[in-house]
Amino acid sequence: MFHKRLTLSPSYISIRKPPKNLDDFDYRLFCHEYNSIINETSILFLSRIHILTDTIFDISNFKFYAEETHIDGSFTKNEKLNYFKSFFKHKLVLKNGVWITQNWTWMYFHWITDALTRLIASEQYTKGYHVILPISYKKYPFVLKSLELLNYEIFWYSEDERVSIDQLILPTQTAIPGNYNEELLKKLRAKFIKNNNTSKIIYISRKNASQRYINNEDELIDLLVQYGVDVHIFENYEFEEQIELMSKAKCVIGLHGAGLTNMLFMPEGGMVLEIRNEGDAENNCYFSMASALDLDYYYILGKGDSLNTSNVNIEVSIQNFRDVLNVMGITKIS
């Protein structure tokens, strides 16, 4: 069986720009993210390989490609045994395909920043190749539309089936999640946006969310409208509509959450204002993303009802918000 590995980009140190409105007291929230090692991006060319549930398996040497298919990059002996049992399921055969997913890429942020960047990294080798996806991804319109816009067709499989592939292209993960290979992220942006006429200031509301929302959002929106900010609930829009909207934005404002991933569709030189959970020094993916995309990053801290940012609800100071908008050069409309 013929396998080959090709380095696409070497490892390097990513240097991030500090927040534009950094308070000395908040230095501790960001300083450990100012420099980060971005791992080498490689591409594996694999022959006569198998997909078992959500991983890739080479029977010739009993190798599981856990690092390329799972965020934690390892399997226990029992997990390996359970995967191997899938080898005896109903078999599908595919001539060639490309694999770009890991076990978190069904989520919007990880699909955009982790899966699609792998596709961009390997695009010169994947013309005419199908993107291989579990059938569970069919329920996510952003998956279907983004691949359509990038001119890729999908090969669907069920986790109850084993897929045998003659030739598989397997790009490695381009960075640890929450970090970014800047060149690849910018290449991805260029695939989606062409517009440079930026004038809109957009606030991404999580009003429809069951958790992680702003308790006093109505009061905040009253303030934002005074400053000419457009309020949008992105769940109400198709993927292409979100791209069109963001491609015209000079500034995006939002609570920490998947909606801020859409800063990818802003031209460089814009501004991002992230509403963060007070004291959270762990969740810096949007700070790092803004820097990678050459966007100016601002932040405001809100008082949360939990230390866990994934499910926190926040109250923001309207006066503090007004002050940050003024620092950003956003003024009241007459």
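The values are calculated or read from the model by the stated rules, or taken from the named source; none is laboratory data. Computed from a predicted model, the values in this text were never measured in an experiment. Backbone-built Cβ (ideal geometry, glycine too); neighbour counts: all protein chains shown.
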Return the pairs, sorted by first residue and then second, in which the second residue is of a type in the set (Ser, Thr, Tyr), the first residue lies in the range 313-334 and is part of a loop (DSSP other than H, G, I, E, B), the beta carbons are less than 6 Å apart, and the residues are 6+ apart or on different chains. ASN313/TYR213; MET328/TYR298; ILE330/TYR227; LYS332/TYR227
Is it true that THR105 is in the same structural domain as SER136 (by TED's automatic domain parsing), more than 21 Å from ARG5 (Cβ to Cβ) and among the polar types (S, T, N, Q)? yes
How do the helices (runs of 4 or more DSSP H) wholly within the range 45-158 filter down when requiring 2 or more residues that are surrounded by 14 or more Cβ atoms within 10 Å (Cβ to Cβ) and in contact with a helix residue (DSSP H, G or I) (Cβ under 8 Å, 6 or more places away or on another chain): which remain? 116-121, 141-149
Can you tell me which residues in the range 161-178 are in a loop (DSSP other than H, G, I, E, B), touching a strand residue (DSSP E or B) at 6+ places or on another chain (Cβ under 7 Å) and surrounded by fewer than 21 Cβ atoms within 10 Å (Cβ to Cβ)? THR172
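In the range 1-50, which residues are among the aromatic types (Phe, Trp, Tyr) and closer than 30 Å to GLU278 by Cβ?
Here is the first cut: in the range 1-50, the residues among the aromatic types (Phe, Trp, Tyr) are 2, 12, 25, 27, 30, 34, 45.
The answer is PHE25, TYR27, PHE30, TYR34.
For the range 179-246, which helices (runs of 4 or more DSSP H) that fit wholly inside it have 1 or more residues that are within 24 Å of PRO141 (Cα to Cα)?
Details: elements: 182-192, 217-226, 239-246.
Once the helices (runs of 4 or more DSSP H) in the range 179-246 are filtered for at least 1 residues that are within 24 Å of PRO141 (Cα to Cα), what remains is 182-192, 239-246.
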In the range 310-334, residue farthest from ALA209 (Cα to Cα) [restricted to those that are among the β-branched types (Val, Ile, Thr) and buried (at least 16 other Cβ atoms within 10 Å of the Cβ)]: ILE330
Among the numbered criteria (1) touching a helix residue (DSSP H, G or I) at 6+ places or on another chain (Cβ under 8 Å); (2) of a type in the set (A, V, I, L, M, F, W, C); (3) at pLDDT 95 or above, which single criterion is violated by ILE193? (3)
Pick out the one residue from GLU217, GLU183, GLU235 that is surrounded by fewer than 23 Cβ atoms within 10 Å (Cβ to Cβ), under 26 Å from GLY97 (Cα atoms) and not assigned by TED's automatic domain parsing to the domain that holds LYS95. GLU183
Near pairs, Cβ below 9 angstrom, 6+ apart or cross-chain, from the range 227-248 (closer than 26 Å to VAL324 by Cβ) to any residue that is of a type in the set (Lys, Arg) and at pLDDT 95 or above: TYR227/ARG322
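Could you grab me the full set of residues in the range 277-294 that are outside any helix (DSSP H, G or I) and either in contact (Cβ under 8 Å) with a residue 60 or more places away in the chain or surrounded by fewer than 23 Cβ atoms within 10 Å (Cβ to Cβ) (or both)? Don't jump to the end; show me each part of the working.
Pass one, the range 277-294, residues outside any helix (DSSP H, G or I): 277-284, 293-294.
Within the range 277-294, GLU278, GLY279, ASP280, ALA281, GLU282, ASN283, ASN284, LEU293, ASP294 meet the criteria.
Scan the range 258-309 for residues that are among the β-branched types (Val, Ile, Thr) and at pLDDT 95 or above and jot them down.
Filtering the range 258-309 for residues among the β-branched types (Val, Ile, Thr) gives 261, 272, 275, 300, 309.
If the condition is that a residue be among the β-branched types (Val, Ile, Thr) and at pLDDT 95 or above, then THR261, VAL272, ILE275, ILE300 are the ones that fit.
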Kindly indicate whether any position in the range 58-68 is touching a residue at least 12 places away in the same chain (Cβ under 8 Å), closer than 30 Å to LEU295 by Cα and of a type outside the set (A, V, I, L, M). yes
Scanning the range 123-147 for residues that are aromatic (Phe, Trp, Tyr) and without any contact (Cβ under 8 Å) to a residue 60 or more places away in the chain, which turns out farthest from SER9 (Cα to Cα)? TYR140
Would you check if there is a residue in the range 34-50 being within 24 Å of the chain's Cα centre (by Cα) and more than 27 Å from LEU293 (Cβ to Cβ)? yes
Pairs only if they're at least six apart or on different chains, beta carbon under 9 angstrom, first in the range 153-173 and within 20 Å of PHE88 (Cα to Cα) and free of Cβ contacts under 8 Å to residues at least 24 places away in the same chain, second among the β-branched types (Val, Ile, Thr) and buried (at least 21 other Cβ atoms within 10 Å of the Cβ); list them, first residue then second. TRP156/ILE132
Please determine, by comparing only the residues of the range 7-28 that are in a loop (DSSP other than H, G, I, E, B) and among the charged types (D, E, K, R), which one is surrounded by the most Cβ atoms within 10 Å (Cβ to Cβ). ARG16
